[in-house]
Each structure stands twice: as C-alpha cells, then as structure tokens.
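Taking it in order: structure first as structure tokens, then the write-up.
The values are calculated or read from the model by the stated rules, or taken from the named source; none is laboratory data. Not measured: the values here are computed from a predicted model. When we count neighbours, we look across all protein chains shown, and the Cβ atoms used for this are built from the backbone with ideal geometry, even at glycine. In case anyone asks, the SASA skips ligands and DNA or RNA and just uses the protein heavy atoms, side chains included. Shrake-Rupley method; radii C 1.70, N 1.55, O 1.52, S 1.80 Å.
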Amino acid sequence: MPVLPELVRSAPKAELHVHIEGTLEPELAFALAARNAVDLGWSDAAALRQAYAFGDLQSFLDLYYACTRVLCTAADFRDLMLAYLARAAADGVVYAEIFFDPQVHAERGVALGTVLDGLCAGLELGRSVHGVEGTLILCFLRHLSEAEAFATLAEARPHLDRIAGFGLDSGERGNPPARFERVFAACRALGKPVVAHAGEEGPAEYVSDALDRLGALRIDHGVRAIDDPLLVQRLVRHGIPLTVCPLSNVRLQVTPELHRNPLQALLDAGVAVTLNSDDPAYFGGYLNANLEAVHQAFDWPLATWQQVLGNAFRASFRPAHWQQARLEHLARHFARA
Ligand code: ADE
Ligand code: ZN
C-alpha cells in the first residue's frame, strides 16, 4: 500500500482530542525527572518505551499517571506544550483543542494556576514559533467523585478566561457519565462547551448518557455507538461529532485490527467522524501517523480525506465564520490535486 498522499499529509488540520500529558515523550520525561529530582522507576527512556504494551485502557492509565509525576513546575508544563505544538505543526495542525488533567497534578500538590501558567505560556510560544493556535479543555477524572470534580471546578473559577471548555476522561468501565450530571450542568451554566469520553471501552449507552445527561457537544472516541443503530441515526441527525483516535484504539485493544474499527461504518452512515492522536507519545505517533494508519486500513479517496479533515474544523468550539475560513483554506489545498 502506498504512503499517505502528500496532499493529505500537508493539509491544514485541526486536532480536537489530544491529552497534553499523553504527549510526554520518554526523553522529555527523563529530562524533567532530572530537573525535579523525581525517580521515574525506569532506568532510561528505552526501558520506559519497552513498558508501552497495554492490555486495556486501565493498564495504560496506570503508566500514564505514573509518568505525570515529573511535571512539577510551570516551566515543565510550558516545555511539554511547546514540544507537542512543534510536532503538531509538523503534521499540518493549525488549531488544537487540548485536554489537561488538573486533578492528577493536584494530588501531587501542583496547583491549577501553576498548570495553567505553564500550559498557556507554551500556547503563546507555540503560536509565535510554530503558528499553531491552541486552547485548553479541563478534564474531570471519572474515577474520582462528584465532590472532587466540584472542588476542581471551584478552583477553576478564577481561571475561566484560560479554559475553553470541560471534558470527562480516565477509566470508563464502571464510571458512567450520570455521576457527573450536576458538575456538567454547572460547567454549562458558566457558558462553557462540554465534551466527554464515552463509548471507548464503555457501552453505547454511555454515549447516549453523555449526550442526554451531560449535554456533550461531541463525543470523544464514541466508536461503540456502532452497537446501537438508533444512536447512530441520532448522531447523524443532530450532527454530533466523534473524535476518533485510531492508533489509541489499536494500542488499547479497543479494536486491535484497525481495518475492523467502526469508524468506517460510522462514516458510511453519515456520522461526523474526526481523526485524532489521543496520547501520541504512548500510542505510536502524532496526527499524521494516525492518518497514515487509516490510509493503510481503508485507502480513502481524496474527497473522503477532505470531508474528514473538514469535520474537525466544523466540530471545533470556534465560531462559524472562523470555521468557514478554515474550510475554504482546506478546499483550496485539495483543489491542487
Ligand atoms: N486519558 C488519557 N487518555 C485517555 C483515554 N484514551 N481514555 C480515557 N482517558 C484518557
Ligand atoms: Zn482521550
């Protein structure tokens, strides 16, 4: 199978599902561990990479949370963000909505203000050095309690100008969206858009619940929606986007064989599928690596690529006129074919 067409590789893109903590490459992890005198527990970057063999989402999360221990100061978060934006820019990303997990850092005594100072400094630098525009989505950890989510929301209130929206992530099994109904109502009352991970390992019902109970504007992953034809019809009818993460689904054994990933059937049904990298440092690559894998699995024509890449701009939190300008830019790019 030939490599990803250059027109797709170089196309302007939006990424809507990437966890900044999931962009921590082993080399940076060891540099930050040395900077902060943290013992990571692996001898070197190669040994850490060797540990990247995941049986399911939880086995990944255990390692992912362990590695966040090296992120201590605002400078650490700045460097992490800048490193991601450099890689994203190399893949044509011009706009990113980026998740962060403040509760993981709060457990280690790192305040939300420190995390935001660093991430926002990285966003500023990324904009000027790499030309990528980025915004932040604060994620609540679904394995923690509603009370803990409310405490985090209270801590976030003085920083709302630096938070574009709210999300829900972490281990899905046994942690249904319903528990966070009141937290998400409070987020929406603040005028913020909300999204939620659902239907990654959890059932299609969690996708419906994320829509009905949380008011999610889009669903992160959502591939298990395929199990409920009425839900698929609903996603199509209401134009609810899915932020699908192909390499993540392979590495976390959601769909070990990419050509069996429901994303193709969802797309065929008319769902607004977008492609994203999730935790690219852990899953084998950034956005274009995901597109390359999809190309190998499905061999789409250029028109499908233009549609899917366009879906990401349409699914973003940005206003209609901004989306229109990006879609026209994308159309001019593909018109070169
Ligand atoms: N946090 C980081 N990556 C995640 C994923 N794939 N699912 C749920 N929570 C996450
Ligand atoms: Zn995710």
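Side notes on the structure shown:
- Unmet criterion (only one of (1) within 20 Å of Gly22 (Cα to Cα); (2) within 16 Å of ligand 2 (Cβ to nearest atom)) for Leu263: (1)
- Residue count for the range 290-303, restricted to those that are buried (at least 17 other Cβ atoms within 10 Å of the Cβ) and either out of contact with any Ser or Thr (no Cβ under 6 Å at 6 or more places or on another chain) or among the acidic types (Asp, Glu) (or both): 7
- Residue match in the range 25-47 (condition: closer than 30 Å to Tyr95 by Cβ, modelled with pLDDT of 95 or more and in a strand (DSSP E or B)): no
- In the range 61-105, the residues that are open to solvent by 10 Å² or more (accessible area, probe 1.4 Å), within 16 Å of ligand 2 (Cβ to nearest atom) and either assigned to a strand (DSSP E or B) or free of Cβ contacts under 8 Å to residues at least 12 places away in the same chain (or both): Asp62
- Within the range 188-198, the set of residues being surrounded by 18 or more Cβ atoms within 10 Å (Cβ to Cβ), farther than 15 Å from Ala149 by Cα and away from ligand 2 (no atom under 12 Å from the Cβ) comprises Lys192, Pro193.
- Looking only at the range 266-284, and only at residues there that are in contact with a Cys (Cβ under 8 Å, 6 or more places away or on another chain) and closer than 19 Å to Ala315 by Cβ, the one that is surrounded by the most Cβ atoms within 10 Å (Cβ to Cβ): Ser277
- Condition check for Leu7: part of a helix (DSSP H, G or I) and more than 21 Å from Leu275 (Cβ to Cβ): no
- Residues of the range 172-187 that turn out to be away from ligand 1 (no atom under 16 Å from the Cβ) and open to solvent by 40 Å² or more (accessible area, probe 1.4 Å), as a count: 3
- Condition broken by Leu119, with the remaining ones in (1) in contact with a strand residue (DSSP E or B) (Cβ under 8 Å, 6 or more places away or on another chain); (2) among the aliphatic types (A, V, I, L, M); (3) not in a helix (DSSP H, G or I) satisfied: (3)
- Test: residue in the range 151-166 that is under 22 Å from Glu107 (Cα atoms), open to solvent by 70 Å² or more (accessible area, probe 1.4 Å), out of contact with any Leu (no Cβ under 6 Å at 6 or more places or on another chain) and away from ligand 1 (no atom under 16 Å from the Cβ): yes
- Taken over the range 155-210, the criterion of being within 23 Å of Gly22 (Cα to Cα), in a helix (DSSP H, G or I) and among the basic types (Lys, Arg) is satisfied by Arg162 alone.
- Considering (1) out of contact with any Pro (no Cβ under 7 Å at 6 or more places or on another chain); (2) within 15 Å of ligand 1 (Cβ to nearest atom); (3) within 16 Å of Val195 (Cα to Cα), the lone condition that Val104 does not fulfil carries the number (3).
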